[in-house]
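Here is the structure we will look at.
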Amino acid sequence: MPDKIKELKIKATQLRIDIIKMLSAAGSGHSGGSLSAADIVACLYFSVMRHNPQNPRWEERDRFVLSKGHACPVLYAALAEAGYFPKEELLTLRKLNSILQGHPDMNKTPGVEFSSGSLGQGFAAAFGMALGYKLDNKPGRIFVMLGDGECQEGIVWETAMGASHYKLDNLTAILDYNNLQIDGKVSEIMEIAPIVDKFRAFGWTVYEIDGHNIEEILWALSTERIVAGKPTMIIARTVKGKGVSFMENQVDWHGKAPTPQEAELALKELYEELERLKEDG
Amino acid sequence: MAEQAVKSTRRAYGEALLELGEREERVVVLDADLSKSTYTNLFAKRFPHRFFNMGISECKMICCAAGLATTGKIPFASSFAVFAAGRAWEMVRLSIGYTNLNVKIAASHAGISVGEDGPTHHCAEDIALMRVIPNMSVLVPADAIETRKMVFAAAEWEGPIYIRLGRPDIPILFDDSYRFQIGKAYVIKEGKDVSIFACGLMVWQAIEALELLEKEGIDAELVNVSTVKPLDEETILRSLSKTGCAVSVEEHNIIGGLGSAIAELIGEKLPAPLERVGIRDRFAESANWKELLKKYNLSPQDIRDSAIRALRRKVEKR
């Protein structure tokens, strides 16, 4: 396995470990959707994006907006791992006076680009950021992650229309398609398929990948995938709860944190995975 | 007042934006397919690269303006009040209020003076809706001159602002010497018997009411409360401590607007009789806007009657 891929797999596993630790300490929060996004977020923060943890407001940085804000544990884990704030802060998640709110707060957490959690708004704000960057001819890219259930919000389609109308090829969206939402399967609650066709019809360049395959993620996020004059949508097929056997594909783990006992089991699996990755190759 | 020059506050807004655009490169303007009505089309024509038509999608417009603000722009986002403050309320709350971003929402066609389009397009709730959002300032200009100064002041103010604009041509009340400051109420006429606190086009109606009251020997004080939030407590309480009774006057539901803001203030700091002139918690209807002001209790006569009631209650209290 190439060093870079191995390194990112290790990073993603480390993020999953931190997610479990902070959610368990918090006693509430969203496990499933944080775990499903870990590989993509690891690729963004530790390979793809140009950013500076010492200068979070660097004007020419690439930005990442987590529009599915409930998955913020994965974002917080990545920001801490990158050095935006000390890792100890992770255990203050959702507690009084913490810089880590239950959903992202751009004014409280260094590195958080936008306050999100009300679904669809982060996507539209990222659209505005991309427009602002274009206006100033800034080289940076705007990345934004949506959930699959989030696509049931009307504002997502308002934004999909707007981003292609304004030819925002500096905007790349990633859809964390784990096919589960709070009340059940996305396909049963409110079908969003055929999602590739929908975004294509809205004028986006669409790629469909395995959202846990580092090579495929890096391939899709590469600047080489950008088609001039069009925004990019990456439909990432994922498994909710990925990496923790008893959470995988279980809808009940959408908005639930592990108990200390469950966390112990989860961490055992994740540390084993980490060891396996480190030994491999 | 028959000979006075008239201009709508929405037109004054569009003209002020154009002026602002010349001197402030960071200003960008968004609209949702109403640029001919909000007069942002003046800016659009002169600065096409800094104007973004969102099409008919106010929710996206609000969040997009927030995103632009994060890149150092000063976005002015415009639509009708019922859509900008109503339809997109939760976007305003989170993407502008909670984030405390430097976005100005300038909403036209507020109140019922929209007229013939009817209650679907009227908006008598926007002051209330915007006032309850933390970090949001709420401005209501009384005429074209104040609107112009307000737009410039808003551009210099760091943080979220809601500016409430109207559709009809109304008299120009002030001249260029008028000084507007966010958070400051203006005493238009001093008096000792009753304080009239008004905003928006109702300031003009209140000026006409002053004449009615004067004929009856009543010396009313008129204060233009063009910043509904943050409320100028000092000026309001100073006036009230002199007159001992008050009337609030607004083209808005009596629930949640200027009258409520004043009731909250004096209830806590200086209890005194207060009469509220406003739309009495009902939807209006389609008609010429001047007819609507009469039918829905927003005429100079209504202000006069409320002032008499407030005075009577003050006397009874003694």
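Read-outs throughout are calculated quantities, based only on the coordinates presented, and are distinct from any laboratory measurement. Source: prediction; values computed, not measured. Cβ: placed from backbone, ideal geometry, glycine included. Neighbour counts: every protein chain shown.
Taking θ as phi - 60° and the Karplus parameters 6.51, -1.76 and 1.60, the scalar couplings of the stretch A:85-98 work out to 7, x, 4, 4, 4, 4, 7, 9, 2, 6, 9, 3, 6, 6 Hz in sequence order, x denoting glycine and proline. A simple rule links phi to the HN-Hα coupling: the Karplus curve 6.51 cos²θ - 1.76 cosθ + 1.60 with θ = phi - 60°, which for the stretch B:270-287 gives 7, x, 7, x, 9, 10, 10, 9, x, 7, 8, 6, 8, 7, 8, 7, 6, 4 Hz, with x for Gly and Pro. Note on the stretch B:69-218: with charges restricted to the Cβ of Lys and Arg (+1) and Asp and Glu (-1), its dipole about the Cα centre is near 620 debye. In the stretch B:127-270, Cα pairs under 8 Å separated by at least six residues give a relative contact order of 29 percent. Which shape class, rounded, prolate or oblate, goes with the protein assembly as shown when its Cα gyration tensor gives a ≥ b ≥ c as root eigenvalues, a/c under 1.5 marks rounded, and past that a/b bigger than b/c marks prolate? The shape class here is prolate. Other residues with beta-carbon under 10 Å from the beta-carbon of B:Val249 carry, at +1 per Lys or Arg and -1 per Asp or Glu, a net charge of -3.
A Gaussian network model of chain B, with springs between Cα atoms under 10 Å, assigns the largest mean-square fluctuation among B:Gly115, B:Gly55, B:Gly97 to B:Gly55. Pairs from the table (B:Lys7/B:Lys36; A:Lys240/A:Lys278; A:Lys198/A:Lys242; A:Lys21/A:Lys87; A:Lys68/B:Lys73; A:Lys4/A:Lys278) lying more than 18 angstrom apart at Cα are A:Lys240/A:Lys278; A:Lys198/A:Lys242; A:Lys68/B:Lys73.
If you run the Gaussian network model on chain B, springs between alpha carbon atoms under 10 Å, then out of B:Ser195, B:Ser177, B:Ser95 the most flexible one is B:Ser177.
Which shape class, rounded, prolate or oblate, goes with chain A when its Cα gyration tensor gives a ≥ b ≥ c as root eigenvalues, a/c under 1.5 marks rounded, and past that a/b bigger than b/c marks prolate? The shape class here is rounded. Just need log10 I(q)/I(0) for the stretch A:76-226 at q = 0.12, 0.14, 0.16, 0.19 Å⁻¹, Debye formula, equal scatterers on the alpha-carbon atoms, no solvent, rounded to two decimals. Debye intensities relative to I(0), on a log10 scale: -0.59, -0.81, -1.05, -1.35.
If Lys and Arg each add +1 and Asp and Glu each add -1, what is the summed charge of the other residues whose beta carbon sits under 11 Å from the beta carbon of B:Gly115?
Numbers: positive: B:Arg167, B:Lys290; negative: B:Glu116, B:Asp117, B:Glu285, B:Glu291.
The answer is -2.
Spatial offset of the stretch A:73-119 relative to the stretch A:122-182 amounts to 21 Å, using the alpha carbon center of each. Dipole magnitude for the stretch A:3-279: computed about the Cα centre from +1 point charges on Lys and Arg Cβ and -1 point charges on Asp and Glu Cβ, it is near 580 debye. Taking amide hydrogens as placed 1.01 Å from N in the peptide plane, the amide H of B:Ile74 sits under 5 Å from those of B:Val27, B:Val28, each at least 5 positions away in sequence or on another chain.
For the options A:Arg57, A:Arg141, A:Arg16, a Gaussian network treatment of chain A with springs between C-alpha atoms closer than 10 Å singles out A:Arg57 as fluctuating the most.
Relative contact order, whole percent, for the stretch A:3-279 stands at 25, derived from Cα pairs under 8 Å and 6 or more residues apart. Computed from backbone phi with θ = phi - 60° and the Karplus coefficients 6.51, -1.76 and 1.60, the 3J(HN,Hα) list for the stretch A:25-31 is 5, 6, x, 7, x, 10, 7 Hz; x is used for glycine and proline. Each helix, a run of at least 4 DSSP H residues, gives -39500 (n - 2.57); summed and divided by the residues of chain B, these come to -11500 deg cm²/dmol at 222 nm. Placing +1 on the Cβ of every Lys and Arg and -1 on the Cβ of every Asp and Glu, with no other charges, gives the stretch B:17-154 a dipole of roughly 440 debye about its Cα centre. Under a 5 Å amide H cut-off, with hydrogens placed 1.01 Å from N, B:Ser137 pairs with B:Ile161, B:Tyr162 among residues at least 5 apart or on other chains.
Along the axis of the charge dipole computed for chain B (Cβ charges of +1 for Lys and Arg, -1 for Asp and Glu, origin at the Cα centre), the listed residues B:Thr9, B:Trp89, B:Ala198 are led at the positive end by B:Trp89. If Lys and Arg each add +1 and Asp and Glu each add -1, what is the summed charge of the other residues whose beta carbon sits under 9 Å from the beta carbon of A:Ser28? It works out to a net charge of +2.
In this structure the amide hydrogen of B:Arg276, modeled in the peptide plane, comes within under 5 Å of the amide hydrogens of B:Ser248, none closer than 5 places in sequence on its chain.
Max-minus-min Cα coordinates of the stretch B:6-171 on each principal axis give 40, 32, 27 Å, with the largest extent listed first.
Taking a ≥ b ≥ c as the square roots of the Cα gyration tensor eigenvalues, the stretch B:188-243 comes out oblate, since a/c reaches at least 1.5 and a/b does not exceed b/c.
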